[in-house]
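What follows is a short report on a single structure.
The values are calculated or read from the model by the stated rules, or taken from the named source; none is laboratory data. Keep in mind the model is a prediction, meaning the values are calculated, not measured. Glycine also receives a Cβ, built like all others from the backbone with ideal geometry; neighbour counts cover every protein chain displayed.
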Amino acid sequence: MKPLTLGVIGIDHRHIFGQLEKMQALGCVCKGWCTEGDPEPTEGFLKRFPDVPRVADRQILLDDPEIDMILIADIPARRADRAIEAMNAGKDIMTDKPGCTTLEQLKAIKACVAKSGRIWSIDFSERFEVPAVTLAAELIAEGRIGRVIQTVGLGPHRLNRPSRPDWFFNEEAYGGILTDIASHQVDQFMFFTGSTDAEIVTSSVGNFANPNNPGLQDYGEISLRSDKGQGYIRVDWYTPDALPTWGDGRLTILGTEGYMELRKYVDVAGREGTDHIFLVNGDSCEYIDASGAQLPYFELLIEDVNNRTETAMTQAHCFKVMELALTAQAKATRLGALR
């Protein structure tokens, strides 16, 4: 595996930490980073990556022939333009979710990928940075729960109001809660059911706890289905302060011969640590510590860039996940203070 040379454009979301750390751990070198102003993650970025120089103009990174890939964690509404700009400069892309905030942006990205031949990949961190998900996929491939017919994905988050920038409370800037957070759960539904297409049965967004911030959607849900399975998604910004982590993210996968629940980040009042799997089938009812499982996305993506393949995630899957999340957002019933 030949490591890549990287550039970073936009560090407005802390997900950039995981994006760059995982790539550096595989030998990739970052030649520089650029962002507008000094967003909240700047201090943390400087502590984690003190040897990566900041450049004043992102064009310096785009014009550097040694840079293979651009990592993007800009304000969500700007990510599409940043990605298109970089792909037109001959760079492959790893962007934070959501990769775009409108269907028009997605259409432009698809056209740019087709024209440039570059890779546009979204780091869906709730799958690609969670060892329990890797192990769950292996267990399903072994036939432990039969054919997957449904997923229930829960994505609760802590609001952390004092640390949130103005754009966080601007629906146009972040794209809405289903575009943003629920894209994770749409990705997992499509992946675990083996679906290549799906339909949004119903969706809703609401603001029930923050009426003084009318641009914030603090609750969202989606029901979707495909020819392979059914899915339910709930996301919110209600995680209480007493929880020892940012959110009790869970995924339940129902199969024809069993089921499993992934408690990704915490087992409330139970076992310590992260990456807990509970599996039940005809032969066993067991707990599995999945914290030692691998995270293959990053290595596979490096190989894809070098070999022009699609092993980390197909481009069609990436497009479809964003299309479904954006469609759910666009058709969502608005509840609470959003009525």
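Structural remarks
- Long-range neighbours under 6 Å by Cβ, at least six apart or interchain, first residue more than 19 Å from Leu224 (Cβ to Cβ) and free of Cβ contacts under 8 Å to residues at least 24 places away in the same chain within segment 132-159, second of a type in the set (Phe, Trp, Tyr) and part of a helix (DSSP H, G or I): none
- Filtered residue count, segment 77-126, keeping only those that are touching a residue at least 40 places away in the same chain (Cβ under 8 Å), of a type outside the set (A, V, I, L, M, F, W, C) and touching a Leu at 6+ places or on another chain (Cβ under 9 Å): 10
For every residue, the table says whether it meets (1) in contact with a helix residue (DSSP H, G or I) (Cβ under 9 Å, 6 or more places away or on another chain); (2) at negative phi.
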site: Ile302; (1), (2): yes, yes
site: Arg308; (1), (2): no, no
site: Ala312; (1), (2): yes, yes
site: Gln315; (1), (2): yes, yes
site: Cys318; (1), (2): yes, yes
site: Glu323; (1), (2): yes, yes
site: Leu326; (1), (2): yes, yes
site: Ala330; (1), (2): yes, yes
site: Leu335; (1), (2): no, yes
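- Any hit, segment 130-153, residues being under 19 Å from Ala182 (Cα atoms), among the aliphatic types (A, V, I, L, M), touching a His at 6+ places or on another chain (Cβ under 9 Å) and in the same structural domain as Ile222 (by TED's automatic domain parsing): yes
- Test: residue in segment 121-143 that is in contact with a Lys or Arg (Cβ under 6 Å, 6 or more places away or on another chain) and in a helix (DSSP H, G or I): yes
- Taking the criterion of being outside any helix (DSSP H, G or I), without any contact (Cβ under 8 Å) to a residue 60 or more places away in the chain and under 19 Å from the mean Cα position of the chain (by Cα), the only residue of segment 165-189 that qualifies is Ile181.
- Just one of the listed residues (Leu159, Leu106) is part of a loop (DSSP other than H, G, I, E, B) and either under 14 Å from Met322 (Cβ atoms) or over 17 Å from the mean Cα position of the chain (by Cα) (or both), namely Leu159.
- Within segment 194-236, strands (runs of 3 or more DSSP E) holding 2 or more residues that are among the polar types (S, T, N, Q): 199-207
- Some residue of segment 285-307 being part of a strand (DSSP E or B) and surrounded by 15 or more Cβ atoms within 10 Å (Cβ to Cβ): yes
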